[in-house]
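Nothing in this text is a laboratory measurement; each read-out follows from the coordinates by a stated rule. No experiment lies behind these values; they were computed from the predicted model shown. FYI the Cβ positions are ideal-geometry reconstructions off the backbone, even for glycines, and counts take in every protein chain you see.
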Amino acid sequence: RVPRAPAGSRRVTPGLGGTPRIVVLTGAGISAESGVPTFRDAGGLWEGHRVEDVATPEAFELDPDTVQRFYDARRRAVASVAPNPAHDALAALERELGDDLLIVTQNIDDLHERAGSARVLHMHGELGRVRCVACEARTEAPGDLLPGPQCPTCGERMLRPDVVWFGEMPYGLDEIDVALAGCEAFVAIGTSGAVFPAAGFVLTASAFGATTIELNLAESEITPFFAESRLGPASRLVPEWVG
Ligand code: BJW
């Protein structure tokens with residue numbers, strides 16, 4: 001169960017405002033029971049391709065249409081599914097804790113937001129947003145990216161999904177570092193720990209003294225680094241943990 005603290009006990013870091021007491025890192029496993037395939041489990045998203053070979057700027061440069069078609073299909077697929085009890089439980093926890101909870105998600109779907117969470121940092125970007133390769137403007141996705149719609153800022157037809165591929169810098173790392181250094185509890189839900197820098201967050205949080213808990217269907221590559229690991233489906237484990 002989540003440790004409850006008395007009101008007003010939130011720590012404040014000089015110059016940086018309050019830091020969340022709890023940082024939750026989510027991965028593809030939290031959306032699996034909503035019907036969004038994971039990357040590395042059997043029947044995963046990129047079946048037939050290693051994700052490391054496809055989600056790269058080089059793959060996009062070589063064959064942009066295939067990559068755009070893939071993200072267009074995922075955008076449509078995500079629009080047709082709904083948050084599950086794991087997303088709902090985290091949204092309920094935020095209603096209770098407010099700024100004391102930060103969700104850092106590696107997922108590009110919007111299921112946390114649709115469940116009602118507002119404090120969500122999408123470190124690998126968002127399916128619902130695009131970035132212009134020409135002017136770098138980041139805007140809301142106009143729908144499908146094939147055939148190439150114009151950038152609303154510069155007019156070029158060079159929009160790409162606003163997601164973070166291998167070799168690119170994830171979003172929000174400074175804010176995440178501050179949160180990891182100041183939190184009391186770090187909880188990872190449904191992530192394989194195969195991708196950095198997210199896979200290293202547990203080490204940072206525990207080095208700064210946080211309690212660390214992993215909730216996953218199966219053991220992950222980073223299980224040994226958590227103080228506690230609970231195995232089972234997120235739709236059961238997360239509501240149980242939130243209590
Ligand atoms: C359930 C469940 C249920 C199932 N209930 N659980 C060596 C060391 C360190 C770094 C590197 C290195 N070599 C290369 C790197 C860098 C590289 C990297 O990590 N490569 C690895 C292959 C080693 N990383 C990068 O390039 C990153 N950028 C970077 O490092 O910048 C430089 C930098 C320098 C200094 C500091 C910081 C940065 C960028 C990584 C970008 C990853 N992008 C993708 C695609 C995003 C767009 C898209 O979605 O299409 O992100 S790849 C893909 O993997 C996606 C995911 O967010 C990410 C993680 O996957 P996730 O979420 O863990 O899913 P799965 O499928 O792997 O696991 C699912 C889990 O759920 C499993 O554990 C199941 O058991 C569980 N599960 N059902 C609970 N019902």
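Here the average projected area of the convex hull drawn through the C-alpha atoms of the chain stands at 13.4 nm². 3J(HN,Hα) along the stretch 217-225: 5, 9, 4, 10, 5, 10, 3, x, 8 Hz, from the Karplus curve 6.51 cos²θ - 1.76 cosθ + 1.60 with θ = phi - 60°, whole Hz, x for Gly and Pro.
Restricting attention to the chain, close to 30% of DSSP beta bridges with both partner residues there are antiparallel.
FRET efficiency for the pair residue 42 and residue 158, taken as 1/(1 + (r/R0)^6) with r the Cβ-Cβ distance and R0 = 35 Å, rounds to 0.45.
Helix by helix through the chain, keep the DSSP H runs that span 15 Å or more along the axis on Cα and average at least 1.0 on Kyte-Doolittle, and give those back in order.
Working: long enough: 64-79 (23 Å, -0.97); 85-97 (18 Å, -0.09).
None pass (Cα extent of 15 Å or more, hydropathy at least 1.0).
Counting only cysteine Cβ atoms and a cutoff under 4.7 Å, the chain contains unmatched residues 183. Annotation: amide H-H contacts under 5 Å for residue 229 (H modelled 1.01 Å from N, sequence separation of 5 or more, or interchain): 214.
By other beta-carbon atoms within 10 Å, ranking 135, 183 with the fewest at the front produces 135, 183. If you take the Cα centroid of the stretch 119-177 and the Cα centroid of the stretch 199-240, the two points sit 29 Å apart. What shape does the stretch 98-165 take by its C-alpha gyration tensor, where a ≥ b ≥ c are the square roots of the eigenvalues and a/c under 1.5 counts as rounded, a/b above b/c as prolate, and the rest as oblate? Prolate, because a/c is 1.5 or more and a/b exceeds b/c. Residues whose amide H lies under 5 Å from that of residue 121, counting only those 5 or more places away or on a different chain, are 103, 104, 105; hydrogens are built 1.01 Å from N in the peptide plane. The HN-Hα couplings worked out from phi for the stretch 208-215 by the Karplus form 6.51 cos²θ - 1.76 cosθ + 1.60 (θ = phi - 60°) are 8, x, 6, 6, 10, 9, 10, 10 Hz, whole numbers, x standing for Gly and Pro.
May I ask you to derive the FRET efficiency for residue 96 and residue 58 from their Cβ-Cβ distance with R0 = 51 Å, giving the value to the nearest 0.05? Rounded to the nearest 0.05, the efficiency is 0.70.
Assign one of three labels to the stretch 76-117, namely rounded, prolate or oblate, based on the Cα gyration tensor with a ≥ b ≥ c the square roots of its eigenvalues; rounded applies when a/c is under 1.5, prolate when it is not and a/b is larger than b/c, and oblate otherwise.
Numbers: a/c = 2.96, a/b = 1.82, b/c = 1.62.
Prolate.
Relative contact order of the chain, taken over Cα pairs closer than 8 Å and 6 or more residues apart, is 24 percent. Note on the chain: helix-only mean residue ellipticity at 222 nm, from DSSP H runs of 4+ residues weighted -39500 (n - 2.57) and normalised by residue number, equals -8500 deg cm²/dmol.
A Gaussian network model of the chain, with springs between Cα atoms under 10 Å, assigns the largest mean-square fluctuation among 23, 187, 133 to 133.
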